[in-house]
Amino acid sequence: MIYFDNSATTKPYKEVVEAYLKVAEKFFGNPSSLHSLGSEAEKLLSQSRVLASSLLGVKPSEVIFTSGGTEGNNAAIKGVAIEYRNRGKHLITSTVEHPSVLEAFKQLESLGYDVTYLDVDKKGRISIDQLKNSLRNDTILVSLIHVNNELGAIQPIMEVGQLLKKYPKILFHVDHVQGITKVPLSLKNSGIDLCTISGHKFHALKGTGLLYIREGIKLAPLLSGGGQEMSIRSGTENTPGIVAMTKALRLAFEKANSGGIEHLWQLKERLSEGLKKIDGVIINTPEEKEKAAPHIINFSVLNMKPEVLIQDLSKHHIYVSSQSACSSKLSKPSRVLMACGLGEERAKSAIRVSFSYDNTIEEVDQFLDILTNSISNLQKVMG
């Protein structure tokens, strides 16, 4: 099996699954309970918060555990919009955000908020000048994805953070789901106020994640109840999932810092070289290292439906995707590629390959061989 769909989800590390099972079996008490089982679970939660905050370079009090990227994005965006609505109701995002961000903004628009959607260039990046010109006296939030989940394009987060430091009443939220452990980002030095992370993108279990909330920022909670997670995210904590997620985060950072990121670049460069030799294939991901992530490459096979090619590759136990996993079952052209101005033909025939640290050069070479044959055979059938 060759699994090249890591941006959709990653396979949990064996040690992570083992940690989950151990905690689920031995430390199953409710962390809010007063007895010793509850105290043991609460202690594990605290240790996980300290570890996660240390890995991210922030304070433990700034880390809230969530169920993943969708909840984190909604909690940040709607939480700010509701809490600071008396300051203003103008919000800014881009046209290439994840559906969990765009749909949150659409819902807020229906409630009377005014949203500006920044355009992107052909490399999927916003213009700092357009952002600056979009700021208003009633702007309360700017929300941007760090690494685009379809294209792999990197937004100029540092520059945005520097700009917004001049506007202390405007909060800055970053969707770091695709970038975490693969594209370095300093939360403290980038002027970021809120940041979303999802566990299953770095070999943790699904249903886990965290939200960084800079000290001093208030959020109106989406989930009201018993006051867990500093009253921002009520509900009995998923202790086994949280412990397993923080273990996965540590392991993923260790791999990243011991040559893993360079390994991803080698895989990507090998794949790019091979794709350029195949007739009818156009690479959509920016080639400049500073403008794209090392683990994602998006390409189009002109005049071919991506679902047909994906199914053919699946017969060879090769797994890739077309759009975001949240949109892949839709037969529409990629919204992200259309927003980049790459045209409908490329947008409706796009394929996304996404690596993990465990993928190999041999897998890339094998994939290129089978892809070349699949495209050739399908073109004969379609021709």
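The values are calculated or read from the model by the stated rules, or taken from the named source; none is laboratory data. Everything numeric here is computed off the predicted structure, so don't read it as measured data. Neighbour counts are summed over all protein chains in view; Cβ atoms, including those assigned to glycine, are modelled from backbone coordinates with ideal geometry. What goes into the accessible areas is simple: the full protein's heavy atoms, side chains included, and nothing from ligands, DNA or RNA. Shrake-Rupley method; radii C 1.70, N 1.55, O 1.52, S 1.80 Å.
Stretched out fully, how many nm does the piece from GLU25 to THR360 gain, at 0.36 nm a residue minus the Cα gap?
117.1 nm
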Query raised in the report: Looking only at region 119-142, which residues have a backbone nitrogen under 12 Å from a spot 7 Å from the Cα of ILE217 in the C-beta direction?
Result: 141-142
**Report entry** Amide proton proximity set for SER143, modelled H, under 5 Å, gap of 5+
**Finding:** ILE92, THR93, HIS173
Query raised in the report: Given H placed on each backbone N at 1.01 Å, which residues far from ILE2 in sequence or on other chains put an amide H within less than 5 Å of it?
Result: ILE318, TYR319
Query raised in the report: Can you run phi through the Karplus equation (6.51, -1.76, 1.60; θ = phi - 60°) for region 307-316 and list ³J(HN,Hα) in whole Hz, with x for Gly and Pro?
Result: 5, 5, 5, 4, 5, 5, 5, 4, 5, 9
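What does the charge count around ALA252 come to, taking other residues whose C-beta lies under 10 Å from its C-beta (Lys +1, Arg +1, Asp -1, Glu -1)? Walk me through the numbers on the way to the answer.
Working: positive: LYS182, LYS201, LYS247, ARG250, LYS255; negative: GLU254.
Its environment carries a net charge of +4.
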Report task. Taking every Cα atom in region 32-91, find the radius of gyration and the maximum pairwise distance Dmax, and write them in Å. Result -> 15.7, 48
Requested in this report: Starting from the amide H of THR66, placed 1.01 Å from N in the peptide plane, find each other amide H under 5 Å away whose residue is 5 or more places distant or on another chain.
Outcome: GLY209, LEU210, LEU211
Query raised in the report: Nearest 10 degrees, 0 to 90: what angle lies between the long axis of helix 361-382 and the longest principal axis of the chain (Cα atoms)?
Result: 60
Report task. Would you mind checking the tilt of helix 99-110 against the longest principal axis of the Cα atoms of the chain, expressed as 0 to 90 degrees and rounded to 10? Result -> 60
Query raised in the report: Which entry is the computed P(r) over Cα pairs in 10 Å bins from 0, in percent for this structure: [x] 5, 23, 31, 24, 13, 3, 0, 0; [y] 5, 22, 27, 22, 15, 7, 2, 0; [z] 5, 24, 34, 26, 10, 2, 0?
Result: [x]
Report summary line: Sorting LEU51, ASN298, LEU118 by the position of each Cα along the dipole of the chain (Lys, Arg +1; Asp, Glu -1; all at Cβ), the one nearest the positive end of that ordering is LEU118
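When the accessible area of the chain is computed with all protein chains present and a 1.4 Å probe, what percentage of it is carbon and sulfur?
Values: 8470 of 16550 Å².
Result for the chain: 51 percent of the exposed heavy-atom area is carbon or sulfur.
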Requested in this report: For region 272-282, just list the computed ³J(HN,Hα) in residue order, Karplus coefficients 6.51, -1.76 and 1.60, θ = phi - 60°, integers in Hz, with x standing in for Gly and Pro.
Outcome: 4, 4, x, 5, 5, 8, 9, 4, x, 9, 10
Requested in this report: Could you order MET304, MET1, MET230 so the one with the most accessible surface comes first? Probe is 1.4 Å.
Outcome: MET1, MET230, MET304
Report summary line: Once SER61 and ASP121 are pulled to full extension, the length gained, defined as 0.36 nm per residue separation minus their Cα-Cα distance, is 17.8 nm
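Compute, for the chain, the length of the dipole vector about the Cα centre, with Cβ point charges of +1 (Lys, Arg) and -1 (Asp, Glu) only. Units Debye, rounded to 20.
Working: 45 positive and 41 negative charges, 125 e Å.
My answer is approximately 600 debye.
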Query - Per-pair calculated FRET efficiency, R0 = 30 Å: LYS206 and GLN107 via Cβ, rounded to 0.05 - result: 0.80
Requested in this report: Report ³J(HN,Hα) in whole Hz for each residue of region 339-345, in order, from the Karplus equation J = 6.51 cos²θ - 1.76 cosθ + 1.60 where θ = phi - 60°; Gly and Pro get x.
Outcome: 5, 6, x, 7, x, 5, 4
Requested in this report: Give the calculated FRET efficiency between ASN86 and TYR167 to the nearest 0.05, with a Förster radius of 25 Å applied to their Cβ-Cβ distance.
Outcome: 0.90
Report task. Report, in degrees rounded to the nearest 10, the 0 to 90 angle that the Cα long axis of helix 36-56 makes with the longest principal axis of the chain. Result -> 60
Query raised in the report: Just how much of VAL96 is accessible, in Å², when a 1.4 Å probe is used and the result is rounded to the nearest 10?
Result: 0
**Report entry** Alpha carbon convex hull of region 77-133, volume per residue in cubic angstrom
**Finding:** 80
